[in-house]
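Reading through the structure tokens given below for one structure.
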Amino acid sequence: MHAIDDMPAGFPAYQPVKAQLDWLHQLAQEVVEFCWETPDNQGIAIAAKSFVEEPGDISDDALAFCSCDNEKDEDMILCCSSTCKIGWYHISCVGVLELPSIDSTWYCSEACATSGRSIYCLCHRTLDEEMIQCGRMQNCRGSEWYHMSCKGIQPQASLPETWYCGEVCRLEAGSDDHMLNHTKALMWEGLAHITRKMAVREGDGPAMVDDWKSDVLQFWRGKHPKYLMIAHHFLACVGGFAPPNIQHNFVWNRVANPKGKLGGNIGLDLCNEHINRDFKEMLGYSNGKYTARQVLQGVLRCRGHLEKLSTTFFRKSGL
């Protein structure tokens, strides 16, 4: 494409609408996979298996590393079962004298060895067939090792010296490509901005809550402790800390619609900006009647009343 209104290559323009939507869905999936940092699959599996049946309860093994639960300056070995609640072990704690070869599997127990579940491949199953490693190795966006059948590769097929599981890993193989990394970062920020704007315009409370979850990481990385604490308090409230009626208000009463138009919602912080602008315009018509000190005193008095009201609100809500 050379212009924004050009037809994308491969778009099924003369096929049914369903085929066109399927094509767009596949393209969107590829875009997200390109610019999104995939979380650690093993870490997710460990966390998921560490939670017991009751919501909010966590077993004693939650997110633990090694059965000794201690830090040691030595090599660690990974259990290859996705059902393992610990995952990584010190080699001395499990009686391993040296690390196994890169293409071998190791299990911490008979239960993990016979679980039939693996941290590798798309299927996450333990099958008695040959596997192939992505050239990105431990930095693979997927599962690093794959059954050849699961990737549609014939057993006798001729493979390149360095094989990649997909286009994303192939592009990322050049980790020193600063232009590519910059492009991915811009794409991610742009997509995040679009989805956030859509959530606000539509008044989609759950989507805005998801935006706050991603903001927590940005606040931490950007060293904004004030906003980090605000986000943590908000997510704790909507996650069950606050009473149900307060949770509902936090999720759904987050926007205003000044003009009453469909899809015309704006954030409450933007509403405050409009009020501030109107206030400043009103001061402009006062012909200097009010000094900066008088304005500041008025603002401080208002802030004091609002702080008292918010404190009373949270106290009566049991927060």
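Leaving out ligands and nucleic acids, and using a 1.4 Å probe, what accessible area per residue does the chain come to in Å²?
Working: 22920 Å² over 319 residues.
It amounts to 72 Å² per residue over the chain.
Between Asp278 and Ile194, what length in nm is gained on full extension when 0.36 nm per residue of separation is reduced by their alpha carbon distance?
Numbers: separation 84, 0.36 × 84 = 30.24 nm, distance 2.79 nm.
Going from the current span to full extension adds 27.5 nm.
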Report summary line: Taking protein heavy atoms only, a 1.4 Å probe, and rounding to whole percent, the accessible area of region 217-272 owed to carbon and sulfur comes out at 63
Report task. Mind putting a number on the dipole of region 121-249 about its Cα centre? Charges go on the C-beta only, +1 for Lys and Arg and -1 for Asp and Glu, and I need it in Debye to the nearest 20. Result -> 560
Query raised in the report: If you line up the long axis of helix 17-35 against the longest principal axis of the chain, both from Cα atoms, how many degrees apart are they, to the nearest 10?
Result: 90
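Could you calculate, for region 68-174, the ratio of the Cα radius of gyration to the Kirkwood radius, expressed as Rg to Rh? Kindly include the intermediate steps, with their values, before the conclusion.
Details: Rg = 15.3 Å, Rh = 15.3 Å.
Radius of gyration over Kirkwood radius for region 68-174 works out to 1.00.
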Query - Calculated FRET efficiency for the pair Trp106/Phe11, C-beta based, R₀ 45 Å, to 0.05 - result: 0.45
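For the chain, what ratio Rg/Rh do Cα atoms give with a Kirkwood hydrodynamic radius? Can you show the working numbers first?
Numbers: Rg = 27.1 Å, Rh = 25.4 Å.
Rg/Rh: 1.07.
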Report task. For region 80-92, take each phi angle, set θ = phi - 60°, evaluate the Karplus expression 6.51 cos²θ - 1.76 cosθ + 1.60, and give the result in whole Hz per residue in order, putting x for glycine and proline. Result -> 8, 9, 6, 8, 5, 7, 10, x, 9, 10, 5, 5, 5
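Considering only Cα-Cα distances, which of the following residue pairs are longer than 26 Å: Lys226/Lys261; Lys184/Lys223; Lys197/Lys261; Lys197/Lys226; Lys223/Lys280; Lys259/Lys280? Provide the component values of the computation, followed by the final result.
Numbers: Lys226/Lys261 34 Å; Lys184/Lys223 22 Å; Lys197/Lys261 16 Å; Lys197/Lys226 23 Å; Lys223/Lys280 31 Å; Lys259/Lys280 22 Å.
Beyond 26 Å: Lys226/Lys261; Lys223/Lys280.
Any idea what the relative contact order of the chain is, in percent, if you count C-alpha pairs under 8 Å spaced at least 6 apart? Let's see the in-between values first.
Details: 292 pairs, mean separation 29.0, N = 319.
Reported relative contact order: 9 percent.
Applying 1/(1 + (r/R0)^6) with R0 = 41 Å to the Cβ-Cβ distance of Val32 and Lys308, what FRET efficiency is obtained, to the nearest 0.05? Write out the running numbers ahead of the final one.
On the way: r = 46 Å, r/R0 = 1.12.
Step by step, r from the Cβ atoms, then E = 0.35.
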Query raised in the report: Of Val32, Val299, Val94, which is the most mobile in a GNM of the chain whose springs link Cα atoms less than 10 angstrom apart?
Result: Val299
Report task. Could you pull the Cα extents of region 177-226 along its three principal axes, largest to smallest, in whole Å? Result -> 39, 26, 11
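In what sequence, highest mean first, do 75-81, 19-25 appear when ranked by Cβ atoms within 10 angstrom? List each step's numbers first, then the result.
On the way: 75-81: 19.4, 19-25: 12.9.
Highest-to-lowest ranking by the protection proxy: 75-81, 19-25.
The values are calculated or read from the model by the stated rules, or taken from the named source; none is laboratory data. Just so it is clear, the model here is predicted, and its values are computed rather than measured. No Cβ is skipped: glycine too gets one built from the backbone with ideal geometry, and neighbour counts run over all protein chains shown. Just so you know, the surface numbers come from the protein's heavy atoms only, side chains and all, with ligands and any DNA or RNA stripped out. Shrake-Rupley method; radii C 1.70, N 1.55, O 1.52, S 1.80 Å.
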